[in-house]
1. Taking the condition touching an Asp or Glu at 6+ places or on another chain (Cβ under 7 Å) and within 21 Å of Gly136 (Cβ to Cβ), does Cys76 pass?
2. Name every residue in region 22-44 that is assigned to a helix (DSSP H, G or I) and crowded, with 16+ Cβ neighbours inside 10 Å, in order of residue number.
3. If I filter region 108-118 down to residues being out of contact with any Phe, Trp or Tyr (no Cβ under 6 Å at 6 or more places or on another chain) and part of a strand (DSSP E or B), which single residue comes out as farthest from the ligand (Cβ to nearest atom)?
4. Of everything in region 71-89 that's more than 17 Å from Val4 (Cβ to Cβ) and either surrounded by fewer than 19 Cβ atoms within 10 Å (Cβ to Cβ) or of a type in the set (Ser, Thr, Tyr) (or both), which residue is nearest to the ligand (Cβ to nearest atom)?
5. Look at Pro57 and say whether it is touching a helix residue (DSSP H, G or I) at 6+ places or on another chain (Cβ under 7 Å), within 8 Å of the ligand (Cβ to nearest atom) and under 24 Å from Ala21 (Cβ atoms).
6. Restricting attention to region 1-52, which residues are closer than 16 Å to Ser75 by Cα and aliphatic (A, V, I, L, M)?
7. Out of Ala47, Ala19, I need the residue that is out of contact with any Leu (no Cβ under 8 Å at 6 or more places or on another chain), of a type in the set (Gly, Ala, Ser), crowded, with 21+ Cβ neighbours inside 10 Å and not in a strand (DSSP E or B). Which one?
Amino acid sequence: MSKVAVVYWSGTGNTESMAYAVCEGAKGAGAECDMCTAAQFTADKVAEYDAIAFGCPAMGAEVLEESEFEPMFTSCLSALNGKKSALFGSFGWGDGEWMRNWEDTCRSAGMNLVCDSVTANNAPADSDLDACKDLGKALA
Ligand SMILES: Cc1cc2nc3c(=O)[nH]c(=O)nc-3n(C[C@H](O)[C@H](O)[C@H](O)COP(=O)(O)O)c2cc1C
């Protein structure tokens, strides 16, 4: 059985709803899945998982959340080389620039992004949650 982690930060719950759907999708496809907040995850845990989904909303000016998520994610980058991964998150008024920049960072670090990232405008619609379930399935 493959082991998947869903590592996320969420201020108002939108990305958290997406995280639960990712985990549901991974479990539905037969994987074991752990939900971890950004504060609970550290670089030494990367090796415990076959695949990891990272979720973070657009914050600041089109960047990752800067106090917990970004430092945690940056500290994991060298361990994530070659790791099966996928990205998701909610945004507000922007055009998804934060996700494009984040994908570039991941590719530069050699992460293996196994499917398209999932973005949702504010609260995820049912179709967004379905896409999150598919993302979880792709990692399982
Ligand atoms: C401090 C702050 C900065 C934000 N910056 C952006 C931004 O640059 N671009 C954008 O599209 N949305 C931005 N947003 C909107 C959030 O991405 C949006 O509200 C999202 O749904 C929050 O997800 P969450 O409920 O998981 O925290 C920002 C929100 C806050 C509170």
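1. no
2. Val22, Cys23, Glu24, Gly25, Ala26, Lys27, Ala38, listed by residue number.
3. Asn112
4. Pro71
5. yes
6. Val7, Ala38, Ala39, Ala43, Val46, Ala47, Ile52
7. Just one listed residue meets the conditions, Ala19.
Per-residue answers, yes or no, for (1) more than 12 Å from the ligand (Cβ to nearest atom); (2) touching a residue at least 24 places away in the same chain (Cβ under 8 Å); (3) within 21 Å of Asn81 (Cβ to Cβ); (4) in a loop (DSSP other than H, G, I, E, B):
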position	(1), (2), (3), (4)
Gly94	no, yes, no, yes
Met99	no, yes, yes, no
Cys106	yes, yes, yes, no
Pro124	no, yes, no, yes
Leu129	yes, yes, no, no
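Here, each number is a calculation from the coordinates, and none is a lab measurement. What you see is a predicted model, and the numbers here were worked out from it, not measured in a lab. Neighbour counts run over all protein chains shown; Cβ positions are idealised from the backbone, glycine included.
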